[in-house]
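The block underneath contains the structure these notes are about, expressed in structure tokens.
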Amino acid sequence: MSFKGTDIVSIRDFSREQIDEILDLADKMIPYARGDKITKALDGKILSCLFFEPSTRTRMSFETAINRLGGRSLDMGTPSMTSIVKGETLADTIRMLEAYSDVIVLRHPHEGAARLAARFSQKPVINAGDGAGQHPTQTLLDLFTMRKQKGNMDGIKVAMVGDLKYGRTVHSLAEALTMFGAELTFIAPPSLQMPKETIKQVEKLGGKPKVKSKLEEVMSDLDVLYVTRIQKERFPDLAEYQKVAGMYRVELDALREAKSNMIIMHPLPRVDEISPEVDATPHAKYFDQAFNGVPVRMALLMLVLGGEL
Amino acid sequence: MKEFKVTPIRNGTVIDHIDCGMALKVLRIIGMDGGNVQSPVSILMHVPSKKSGWKDVLKVEDRELDPRQVDKIALIAPRATINIIRDFNVAEKHNVKLPDVVIGKTRCANPNCITNQKEPVEPEFIVEGKNPPILRCVYCDRILENIADNLI
Ligand SMILES: Nc1ncnc2c1ncn2[C@@H]1O[C@H](COP(=O)(O)OP(=O)(O)OP(=O)(O)O)[C@@H](O)[C@H]1O
Ligand SMILES: [Mg+2]
Ligand SMILES: [Zn+2]
């Protein structure tokens, strides 16, 4: 299929084959992402970044991606809520923006915003996170990192740990990983466990996820440990937060049990979830993961804009 | 002989097999709860059903409701039947049928959904199951948990 003009709204919109196609191209993008090779594949193309919430990383990674491909980015600043407060609808903002650019990258506080934007825009829209909704480029870079590190995702044992309840990105990652044959374990305190709906969805896709509350139980078996942020706001008081955060913190000690080639991932920014001592171990892959955001986003831009190397 | 809880009607429409307790909501859905209704409407609530347990029944005199127009009843009463009565007899019978996409009939229960933010769009749901109805918001991807409370 040709991706040209396609919106990237939700990972659910794509088949396994399509995701593979994106990841294959991302692989080819790596030398360009590093600056080892130069390309003008998207010369003259303009990307506009419309971020209604601050997100330095995702935004910079898109800007790097378009620049590395010879295109340019228009930054709306962070309109934050100003245009919303002024009463302009997102539908209007998008129709104005599509007149200025070839592709729109949107981060918005409301779920479904990217789907709406895609409906109003003729130009492709890429969802860079909509509220507690989807964040497909994060999901893709996570998949890319695992595929790259492990060669193949079929049968790999992945534990997701931390706040599995509120972050929809973990929900879509769980579904996508299942589609690729990974075996999942969800590790969280009961109040932050994976929602039933996601577990059902994973089962529908043929997965048999395990639900646990302790990391130690599975550590020795794991190929990938995917750590997420536990947010203070989810807890009634600081003491409760600290207790839970402490329980799920990844420390050097706990890794003695792990396979030597087990990798640890984290969407970043991390707060206390992973002890800094872990950074120096060969397990730590979260910074490689962050870099992978660039080639993956380059691949998406190439595909939706029809660029050629 | 049938035993009628209300007087038989000569002409009109009987909506039968409404899920118990949903009769008033059905009236609202078909727009017959306002002051501009010109025909007598009778409601039977909580009557025994031969098919299963209890049901509600609605009878509208002198009006033949268009079955296609009232399909949205299936949102809250998926087993309902529309019976067109002519000269005291059931002349036509239709089962309500949910379309594959429901647009502008229910709002999304997720307050943070973009469709609840004054954007120029109607809420839209993919019908993932018909009996019971399972609606998934096209925008925010959530399943609508309480359809009856979110009718527009
Ligand atoms: N003349 C009438 N006036 C009022 N209600 C009527 C009249 N004729 C039928 N009904 C009602 O319309 C509904 C459908 O009538 P019908 O004779 O088809 O019943 P049924 O054979 O039990 O059908 P079903 O299998 O749909 O329950 C019943 O609730 C019945 O009481
Ligand atoms: Mg009957
Ligand atoms: Zn919604």
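The values are calculated or read from the model by the stated rules, or taken from the named source; none is laboratory data. This is a predicted model, so every value here is computed, not measured. When we count neighbours, we look across all protein chains shown, and the Cβ atoms used for this are built from the backbone with ideal geometry, even at glycine. We work out accessible area using only protein heavy atoms, side chains counted, and drop any ligands, DNA or RNA first. Shrake-Rupley method; radii C 1.70, N 1.55, O 1.52, S 1.80 Å.
Some notes on this structure:
- The listed residue being outside any strand (DSSP E or B), in contact with a Leu (Cβ under 7 Å, 6 or more places away or on another chain), more than 16 Å from ligand 1 (Cβ to nearest atom) and under 29 Å from A:Thr198 (Cα atoms), out of B:Ala74, B:Ala109: B:Ala109
- Unmet requirement for B:Ile114, which otherwise passes all of (1) out of contact with any His (no Cβ under 7 Å at 6 or more places or on another chain); (2) surrounded by 20 or more Cβ atoms within 10 Å (Cβ to Cβ); (3) modelled with pLDDT of 95 or more; (4) under 30 Å from B:Arg142 (Cβ atoms): (1)
- Top-ranked residue of the stretch B:122-138 - restricted to ones that are touching a strand residue (DSSP E or B) at 6+ places or on another chain (Cβ under 6 Å) and in a loop (DSSP other than H, G, I, E, B), ranked as nearest to the other protein chains (Cβ to nearest Cβ): B:Val138
- Number of positions in the stretch B:27-54 that are within 12 Å of ligand 1 (Cβ to nearest atom) and surrounded by fewer than 15 Cβ atoms within 10 Å (Cβ to Cβ): 6
- Flag for B:Arg107 being within 13 Å of chain A (Cβ to nearest Cβ) and open to solvent by 30 Å² or more (accessible area, probe 1.4 Å): yes
- Within the stretch B:47-72, residues that are closer than 16 Å to B:Thr7 by Cβ sit with their Cβ atoms under 8 Å from residues that are surrounded by fewer than 15 Cβ atoms within 10 Å (Cβ to Cβ) and hydroxyl-bearing (Ser, Thr, Tyr), at 6+ positions apart or across chains, in these pairs: B:Val60/B:Ser39; B:Glu61/B:Ser39; B:Asp62/B:Ser39.
- Filter result for B:Val57 (more than 14 Å from chain A (Cβ to nearest Cβ), at pLDDT below 95, under 17 Å from the mean Cα position of the chain (by Cα) and open to solvent by less than 20 Å² (accessible area, probe 1.4 Å)): no
- Any chance A:Ser275 is loosely packed, with under 15 Cβ neighbours inside 10 Å and at pLDDT 95 or above: no
- Unique residue being charged (D, E, K, R), away from ligand 3 (no atom under 16 Å from the Cβ) and modelled with pLDDT of 95 or more when the list is B:Arg107, B:Arg86, B:Arg79: B:Arg86
- Number of positions in the stretch B:6-23 that are among the polar types (S, T, N, Q) and either out of contact with any Lys or Arg (no Cβ under 8 Å at 6 or more places or on another chain) or surrounded by fewer than 20 Cβ atoms within 10 Å (Cβ to Cβ) (or both): 2
- Out of B:Val47, B:Val26, B:Val14, sole residue that is under 18 Å from B:Gln69 (Cα atoms) and within 14 Å of ligand 2 (Cβ to nearest atom): B:Val14
- Filtered residue count, the stretch A:110-122, keeping only those that are within 14 Å of chain B (Cβ to nearest Cβ) and either among the aliphatic types (A, V, I, L, M) or open to solvent by 20 Å² or more (accessible area, probe 1.4 Å) (or both): 9
- Total residues in the stretch B:20-38, condition within 18 Å of the chain's Cα centre (by Cα) and assigned to a loop (DSSP other than H, G, I, E, B): 9
- In the stretch B:50-66, the qualifying residues are those that are more than 16 Å from ligand 2 (Cβ to nearest atom) and of a type in the set (A, V, I, L, M), and the one that is nearest to B:Pro132 (Cα to Cα) is B:Leu65.
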